[in-house]
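Presented below is the structure to which this report refers.
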Amino acid sequence: MDRLLVIRLEAQGCTAEALLNGIPLARVDAAQPCATVPVHECTVSGENRLELLIWPPALLVGEAPAPLPAFPSDGERSASLNVLLPRMDHAIDPAQSRSLAQLLWAPEAGVSLAPPIRLAEAVVLPVNFPRWRWLDAPVLRLDAALQARVQAWLQERVEDLRAGRFDALLQALRPRAQDLGTAYGRDPRDLLQALHQQLAARHAQGGPAWADIPPAELLLRPVADGRLLDCLLSGGGPALRTEPDADGQVFSLPLRLAVVDGQPQGML
């Protein structure tokens, strides 16, 4: 692929989250103040909804924590979200990229700030992709029954992974692989085969076991205007993950699920 459309999110003195068409792309804070993410599979023909959230709500199970109280700006906090098209044969460098859209937040000192703060803009991007599968997924009503069904499905995949059975997971991820293949000029079969090999190698090595997903810790976050569920743990990490290894490292598989004809399907 000759050109790569990305977003670049930066923040200073705050937490910030970037979204495109209702899809969370990245979240940055003092520990990780910058993120760059390819976004082909999140774009649509015509207007695209670009959003920048300052101090977004914490990703926690249960009642949402109270927002931060309003306070005056010190003039030192800022956040920016850029949609970039890097030049041919260049690394992803803002100085060497064409900027297609930008949201900038840099309040002057003394301005009252009332988190969370949302900036949004409709932008037309130079894309010509087929219609992505997630756009036609049904909008979901996240009730107790759907929460329980998705939790059970995820726990079944945990048991499969522990036993070295990968077919059900890979089958569910086929729609995602097909769209990613189109988005980035890859063969979907190669993407699924690479994941199969990675999972099989981890299983053969006998590393840390895949962790259970306690129902009380599962956070299903509606994204893409309610079409998909981001499968997270309370705190924001992917729900499908291993136990920590000796160095405290965790291997995880981020999943965003649609439910089509009653069956979970991985998309995005």
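The values are calculated or read from the model by the stated rules, or taken from the named source; none is laboratory data. Keep in mind it's a predicted model, so treat the numbers as computed, not measured. Positions of Cβ are backbone-derived with ideal geometry, glycine not excepted, and every protein chain shown enters the neighbour counts.
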Name the helices (runs of 4 or more DSSP H) wholly inside the range 97-189 in which the number of residues that are surrounded by 12 or more Cβ atoms within 10 Å (Cβ to Cβ), aliphatic (A, V, I, L, M) and over 20 Å from the mean Cα position of the chain (by Cα) is 2 or more.
144-163
Sole residue being assigned to a loop (DSSP other than H, G, I, E, B) and either more than 30 Å from GLU217 (Cα to Cα) or modelled with pLDDT under 95 (or both), chosen from PRO56, PRO69
PRO69
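Yes/no per residue for (1) within 22 Å of ASN21 (Cβ to Cβ); (2) modelled with pLDDT of 95 or more; (3) in contact with a Leu (Cβ under 9 Å, 6 or more places away or on another chain):
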{"position": "TRP132", "(1), (2), (3)": "yes, yes, yes"}
{"position": "ALA137", "(1), (2), (3)": "yes, yes, yes"}
{"position": "ALA152", "(1), (2), (3)": "no, yes, no"}
{"position": "GLY164", "(1), (2), (3)": "no, yes, yes"}
If we scan the range 2-9, do we find a residue that is among the β-branched types (Val, Ile, Thr) and more than 20 Å from GLU108 (Cα to Cα)?
yes
Filtering the range 218-258 down to residues that are surrounded by 19 or more Cβ atoms within 10 Å (Cβ to Cβ) and touching a helix residue (DSSP H, G or I) at 6+ places or on another chain (Cβ under 7 Å) yields LEU218, LEU220, ALA224, ARG227, LEU228, LEU229, CYS231, LEU233, ALA239, LEU240, LEU257, ALA258
As an exercise: evaluate ASN21 against (1) closer than 20 Å to ARG3 by Cα; (2) crowded, with 19+ Cβ neighbours inside 10 Å; (3) of a type in the set (S, T, N, Q) and give the number of the one condition it does not meet.
(1)
GLU47, sole failed condition from (1) surrounded by fewer than 15 Cβ atoms within 10 Å (Cβ to Cβ); (2) in contact with a Cys (Cβ under 9 Å, 6 or more places away or on another chain):
(2)
State all residues of the range 173-198 that are among the hydrophobic types (A, V, I, L, M, F, W, C) and under 18 Å from LEU257 (Cβ atoms); if no residue qualifies, say none.
LEU173, ALA177, LEU180, LEU191, LEU192, LEU195
Return the residues of the range 196-239 that are out of contact with any Ser or Thr (no Cβ under 6 Å at 6 or more places or on another chain) and in a helix (DSSP H, G or I); say none if nothing qualifies.
HIS196, GLN197, GLN198, LEU199, ALA200, ALA201, ARG202, HIS203, ALA204, GLN205, PRO215, ALA216
Which pairs do you get when a residue that is outside the structural domain of GLY262 (by TED's automatic domain parsing), found in the range 147-172, comes within reach of a residue that is modelled with pLDDT under 95 and surrounded by 16 or more Cβ atoms within 10 Å (Cβ to Cβ), reach meaning Cβ atoms under 9 angstrom, with the pair 6+ apart or on two chains?
none
Look at ALA26 and say whether it is part of a strand (DSSP E or B), in contact (Cβ under 8 Å) with a residue 40 or more places away in the chain and not acidic (Asp, Glu).
no
Residue pairs, Cβ under 9 Å, 6 or more apart or interchain, first in the range 101-123 and of a type in the set (Asp, Glu), second surrounded by 12 or more Cβ atoms within 10 Å (Cβ to Cβ) and assigned to a strand (DSSP E or B). List them.
GLU121/ARG49; GLU121/LEU50; GLU121/GLU51; GLU121/LEU52; GLU121/ALA101; GLU121/GLN102; GLU121/LEU103
